[in-house]
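Working notes, structure below.
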Ligand SMILES: [Zn+2]
């Protein structure tokens, strides 16, 4: 298949391209990528809300674990990571929930996973939920 010659551009009377016609076989190959781009373009970005940050302050205020707080976050699903989620460029992780019991919940911007850090007296347990397709 010569894809280059199979792509047809549909123009208005002024010559402005309005649409593209693709052969079905080519469309079947590119459809997943195009749908992914459309999803990303229309997805509502997850932003840092003031609520979780306030509860994060309480989380730190009532810190009584045997180790210092480590602000590093790692996503087991896509391997995104940062040394400090609070100042990381592009904010790769958004804190969506925090409580004084030791739970921090992050949203991974890269893949959409939920990353949970459960702080116990002498260790941190990491859990994650991959994004729903
Ligand atoms: Zn991720």
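A few comments on the model shown:
- Scanning the stretch 83-112 for residues that are more than 21 Å from residue 40 (Cβ to Cβ) and touching a strand residue (DSSP E or B) at 6+ places or on another chain (Cβ under 7 Å), we see that the one that is surrounded by the most Cβ atoms within 10 Å (Cβ to Cβ) is 104.
- Residue within the stretch 9-20 that is at pLDDT 80 or above and either assigned to a helix (DSSP H, G or I) or under 30 Å from residue 123 (Cβ atoms) (or both) present: no
- For residue 72, the conditions (1) under 23 Å from residue 132 (Cα atoms); (2) modelled with pLDDT of 85 or more; (3) surrounded by 12 or more Cβ atoms within 10 Å (Cβ to Cβ) are fulfilled apart from (1).
- Near pairs, Cβ below 9 angstrom, 6+ apart or cross-chain, from the stretch 30-42 (outside the structural domain of residue 110 (by TED's automatic domain parsing)) to any residue that is not in a helix (DSSP H, G or I): 30/22
- Scope the stretch 113-133; condition more than 12 Å from the ligand (Cβ to nearest atom), in a strand (DSSP E or B) and surrounded by fewer than 17 Cβ atoms within 10 Å (Cβ to Cβ); matching residues: 116, 118, 124, 125, 126, 127
- The stretch 40-69, subset surrounded by fewer than 11 Cβ atoms within 10 Å (Cβ to Cβ) and within 16 Å of the ligand (Cβ to nearest atom), residue modelled with the highest pLDDT: 40
- Selection within the stretch 78-104 - more than 13 Å from the ligand (Cβ to nearest atom), out of contact with any helix residue (DSSP H, G or I) (no Cβ under 8 Å at 6 or more places or on another chain) and outside any loop (DSSP other than H, G, I, E, B): 103
The values are calculated or read from the model by the stated rules, or taken from the named source; none is laboratory data. All values derive from a computational prediction rather than experimental measurement. All Cβ positions, glycine included, derive from the backbone under ideal geometry; neighbour counts span all protein chains shown.
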